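To start, I am sharing the structure in question, which I have written as structure tokens.
The values are calculated or read from the model by the stated rules, or taken from the named source; none is laboratory data. Note that the coordinates shown come from a computational prediction; the quantities given were computed from them, not determined experimentally. Methodologically, a virtual Cβ is constructed for each residue, glycine included, from the backbone with ideal geometry; neighbour enumeration extends over all protein chains shown.
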Amino acid sequence: MKGLFTKALTSTIVASAMLAAAANAANAFDFVPQQEGEIDVGLGCYDGCIQLDPIFESIISLTDSSNGSRSRLFVDTLATTNTYNAGGSNELFFKKKDAGTNNSGFFFRPSEYNEGSDYSEETGQLEVGTYQFNFSSVLSELSIDFFDTESTRTTGITAINGESFTDWVARGGNNNLQTKTFNDVSSITITFGNDSPSGTGDGVNFRMEGAKAAPEPFSMIGAGLALGAGALLKNRKK
């Protein structure tokens with residue numbers, strides 16, 4: 001009987017580990033909406049807002065240190081051209097091919113903006129902004145892809161889970177791609193690009209993907225033990 005219980009316990013622990021691994025794989029996904037449009041980050045939207053994945057509790061635009069203003073945020077793909085606020089005093093035009101960020105698929109695109117004048121000096125071609133991303137649940141893993149970072153100490157993470165934290169993305173060549181990964185994240189503040197007073201600055205687009213925290217291994221093992229004990233009692237009755 002002891003051998004039977006040990007065998008059942010071993011099988012249960014192995015099964016629980018497999019379930020945990022499967023849960024992690026199932027929870028991993030791309031956070032970028034698969035449609036173009038503007039996201040409401042506290043500034044409203046010019047032509048209607050697109051919906052975020054429920055993984056986001058909110059995305060809040062903060063005052064960027066390089067341009068002294070909050071920035072707008074869009075989802076874009078280089079497969080199409082897009083015009084926002086057409087005919088308005090601050091018309092934004094996203095080209096089909098960007099000067100340096102030629103990645104495929106959908107990505108988040110900051111847009112430099114002056115709140116006081118409702119004006120974008122580069123009409124949508126300067127990707128600058130600082131945002132706080134609040135998640136609806138703790139992420140066991142969060143990866144951020146940064147596209148075309150070409151300045152020093154201007155793009156990077158400035159806070160995680162409400163605590164100050166500095167991790168700059170290194171300066172790279174034209175059209176570079178760099179990735180940073182973090183664990184156990186409930187919120188993160190990131191600054192992108194740089195608005196240069198002397199002219200066009202550094203524009204940076206980005207993607208996010210990650211995984212929700214899986215159930216605690218011991219909780220899964222406990223549930224598995226209960227199932228194993230039930231199976232053992234059933235066998236004893238037989």
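Looking at (1) touching a Ser or Thr at 6+ places or on another chain (Cβ under 8 Å); (2) at pLDDT below 95, which is the one condition that is false for E121?
Going through the list (1) touching a Ser or Thr at 6+ places or on another chain (Cβ under 8 Å); (2) at pLDDT below 95, E121 breaks only (1).
From the set of residues in the stretch 84-106 that are at pLDDT below 95 and outside any loop (DSSP other than H, G, I, E, B), which is nearest to Y46 (Cα to Cα)?
Across the stretch 84-106, the extreme among qualifying residues is L92.
So, one more: Modelled with pLDDT of 95 or more and of a type in the set (A, V, I, L, M): is that true of I190 in this structure?
Yes, satisfied.
Something else: Filter the stretch 40-58 down to residues that are more than 18 Å from D184 (Cα to Cα) and in contact (Cβ under 8 Å) with a residue 60 or more places away in the chain and give me whichever is surrounded by the fewest Cβ atoms within 10 Å (Cβ to Cβ).
L43
Out of the residues in the stretch 130-157 that are on the phi > 0 side of the Ramachandran plot and buried (at least 17 other Cβ atoms within 10 Å of the Cβ), state the one that is modelled with the highest pLDDT.
The initial filter retains those residues of the stretch 130-157 that are on the phi > 0 side of the Ramachandran plot, namely 148, 153, 156.
Narrowing the set further to residues that are buried (at least 17 other Cβ atoms within 10 Å of the Cβ) leaves 148, 156.
On the way: D148: 92, G156: 98.
Selected residue: G156.
Would you mind stating whether S143 is over 18 Å from D40 (Cα atoms), outside any loop (DSSP other than H, G, I, E, B) and not charged (D, E, K, R)? Step through it out loud before you land on a result.
Values: over 18 Å from D40 (Cα atoms): yes; outside any loop (DSSP other than H, G, I, E, B): yes; not charged (D, E, K, R): yes.
Criteria met by S143.
Here's a check for you: in the stretch 59-79, which residue that is touching an Asp or Glu at 6+ places or on another chain (Cβ under 7 Å) and of a type in the set (V, I, T) is nearest to G37 (Cα to Cα)?
V75
A further question on this structure: Within the stretch 160-205, which residues are touching a residue at least 40 places away in the same chain (Cβ under 8 Å), in a strand (DSSP E or B) and either touching a helix residue (DSSP H, G or I) at 6+ places or on another chain (Cβ under 9 Å) or surrounded by 16 or more Cβ atoms within 10 Å (Cβ to Cβ) (or both)? Explain how you work it out, then say what you get.
Start the filter on the stretch 160-205 by keeping residues that are touching a residue at least 40 places away in the same chain (Cβ under 8 Å), which leaves 174-175, 177, 181-196, 200-205.
From what is left, the residues that are in a strand (DSSP E or B) are 177, 181-182, 185-192, 194, 202, 205.
Passing the criteria: F182, V185, S186, S187, I188, T189, I190, T191, F192, N194, D202, N205.
Here's the yes/no breakdown for (1) buried (at least 18 other Cβ atoms within 10 Å of the Cβ); (2) on the phi < 0 side of the Ramachandran plot:
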residue: Q35; (1), (2): no, yes
residue: S66; (1), (2): yes, yes
residue: Y84; (1), (2): yes, yes
residue: G87; (1), (2): no, no
residue: R109; (1), (2): yes, yes
residue: E112; (1), (2): yes, yes
residue: D118; (1), (2): no, no
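Ok, one more. Need the failing condition index for R70 against (1) surrounded by 22 or more Cβ atoms within 10 Å (Cβ to Cβ); (2) touching a Gly at 6+ places or on another chain (Cβ under 8 Å); (3) assigned to a loop (DSSP other than H, G, I, E, B), just the number.
Going through (1) surrounded by 22 or more Cβ atoms within 10 Å (Cβ to Cβ); (2) touching a Gly at 6+ places or on another chain (Cβ under 8 Å); (3) assigned to a loop (DSSP other than H, G, I, E, B) one by one, R70 breaks only (1).
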